[in-house]
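First up is the structure itself, then whatever we jot down about it.
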Amino acid sequence: MNRQVVLVTGGSSGIGLSTCQHLKAKGFKVYGTSRKISNGAKPYGFPMVQMEITDRKSIQNGISYVLRNEGRIDILVNNAGTGVAGAVEDASIEEIDTIFRLIVFAAIEVTNSVIPSMRENGGGRIINISSVGAEFGLPFRGIYSASKAALDRFSETLRLELSPWGISVSTIQPGDIKTNINNSRITLDKSNQVESPYYGIFQKTYRQINKEVASAKDPIIVAKIVERIIKSKSPKMRYPAASFIQRFSLTLNRILPTEVFQKILKLRYPVK
């Protein structure tokens with residue numbers, strides 16, 4: 001039996017790199033993507049695909065490269081993206097547009113480019129890396145939470161629409177994961193200026209965010225969930241990949257009135 005072919009966007013670092021390495025070790029044929037690496041290069045032990053996820057032509061060229069080599073893509077993991085922090089009021093339309101292009105529009109473009117080949121080959125798995133932050137708004141991460149929530153709703157719809165062709169769609173919702181996101185996260189320009197009314201509060205909260213990521217879980221926990229979804233006969237819609245407290249917060253959010261849940265959030269992230 002031919003090995004299943006997996007394409008992971010953002011495969012050169014963090015969750016994406018861990019997922020690629022784990023699945024390769026498990027016997028899958030893995031391709032990762034990066035905008036800075038040429039097609040076929042293997043700096044991490046598996047072939048990379050050059051792909052700029054905000055450029056439609058680059059996406060199509062990357063997908064075509066894999067299909068020429070393998071004839072199929074069985075699993076797509078939409079992982080590429082970025083973090084963002086800052087007050088909603090401080091966000092410019094241009095900054096919001098950048099985040100949604102990286103997290104939402106790019107995932108839609110890549111997915112839509114892969115679906116026809118999955119349909120032709122009789123099925124597949126689409127796995128979108130979301131966030132526990134998709135389930136509720138977090139102070140100074142509203143733009144990020146909104147983009148991940150949009151990714152979740154798009155995933156739920158796709159799961160229904162693609163079911164006639166045996167293509168399943170799932171999301172993984174990581175909590176804090178120890179990656180290089182503290183160095184790559186976008187911070188809204190105005191929130192970093194002393195003129196912003198949020199400056200002092202944001203700087204305090206941002207230090208806490210960075211501290212939590214620095215001591216967070218290894219990205220292998222996400223990689224192992226990806227493997228579980230691939231091997232499952234009936235994958236679920238969503239899978240949390242977070243600490244007990246973060247998973248418990250998802251439960252609390254579902255059963256408590258929003259006003260009560262937000263009081264709890266403000267104990268964790270004081271906005272004063």
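The values are calculated or read from the model by the stated rules, or taken from the named source; none is laboratory data. Keep in mind that what you see is a predicted model, and the values were worked out from it rather than measured. Because the Cβ atoms are built from the backbone with ideal geometry, glycine has one as well, and the counts that use them run over all protein chains shown.
Looking only at helices (runs of 4 or more DSSP H) that lie completely in segment 199-272, which have at least 3 residues being under 17 Å from Pro174 (Cβ atoms)?
Counting at least 3 such residues, we get 199-214, 220-231, 244-255.
Contact list please: Cβ distance under 6 Å, first residue in segment 59-77 and without any contact (Cβ under 8 Å) to a residue 40 or more places away in the chain, second residue aliphatic (A, V, I, L, M), pairs at least six apart or on different chains.
Gly62/Val49; Gly62/Met51; Tyr65/Val49
Of everything in segment 123-157, what is modelled with pLDDT of 95 or more and of a type in the set (Asp, Glu)? Give them in sequence order.
Scanning segment 123-157 gives Asp152, Glu156.
Cβ-Cβ below 7 Å, separation at least six or inter-chain, first residue in segment 243-257 and closer than 17 Å to Ile209 by Cα and in contact (Cβ under 8 Å) with a residue 40 or more places away in the chain, second outside any helix (DSSP H, G or I) and of a type in the set (D, E, K, R): which pairs?
What qualifies is Ser243/Lys217.
Name the residues in segment 49-87 that are of a type outside the set (Asp, Glu), in a helix (DSSP H, G or I) and crowded, with 17+ Cβ neighbours inside 10 Å, would you?
Across segment 49-87, the qualifying residues are Ser58, Ile59, Gly62, Ile63, Tyr65, Val66, Leu67.
Which condition breaks for Lys217 when tested against (1) over 30 Å from Val6 (Cα atoms); (2) in contact with an Asp or Glu (Cβ under 9 Å, 6 or more places away or on another chain)?
Unmet for Lys217, out of (1) over 30 Å from Val6 (Cα atoms); (2) in contact with an Asp or Glu (Cβ under 9 Å, 6 or more places away or on another chain): (1).
Give me the residue from segment 1-32 that is of a type in the set (Val, Ile, Thr) and either closer than 18 Å to Gly62 by Cα or modelled with pLDDT of 95 or more (or both) and, out of that set, surrounded by the fewest Cβ atoms within 10 Å (Cβ to Cβ). Give the derivation first.
Residues of segment 1-32 of a type in the set (Val, Ile, Thr): 5-6, 8-9, 15, 19, 30.
Subsequent filtering for residues that are either closer than 18 Å to Gly62 by Cα or modelled with pLDDT of 95 or more (or both) retains 5-6, 8-9, 19, 30.
On the way: Val5: 22, Val6: 28, Val8: 29, Thr9: 24, Thr19: 29, Val30: 27.
Applying the filter and picking the extreme gives Val5.
From (1) out of contact with any Phe, Trp or Tyr (no Cβ under 9 Å at 6 or more places or on another chain); (2) surrounded by 14 or more Cβ atoms within 10 Å (Cβ to Cβ), pick out the condition that doesn't hold for Lys272.
Going through the list (1) out of contact with any Phe, Trp or Tyr (no Cβ under 9 Å at 6 or more places or on another chain); (2) surrounded by 14 or more Cβ atoms within 10 Å (Cβ to Cβ), Lys272 breaks only (2).
Take segment 200-237 and flag every residue that is of a type in the set (D, E, K, R), touching a residue at least 24 places away in the same chain (Cβ under 8 Å) and either surrounded by 19 or more Cβ atoms within 10 Å (Cβ to Cβ) or more than 25 Å from Val84 (Cα to Cα) (or both).
Lys224, Glu227, Lys236
Take the conditions surrounded by fewer than 22 Cβ atoms within 10 Å (Cβ to Cβ), in contact with a helix residue (DSSP H, G or I) (Cβ under 6 Å, 6 or more places away or on another chain), charged (D, E, K, R) and assigned to a helix (DSSP H, G or I) and apply them to Asp152. Does it pass?
In short, yes.
With the structure loaded, tell me whether Leu250 is closer than 29 Å to Ile167 by Cβ and at pLDDT 85 or above or whether it fails that test.
Yes.
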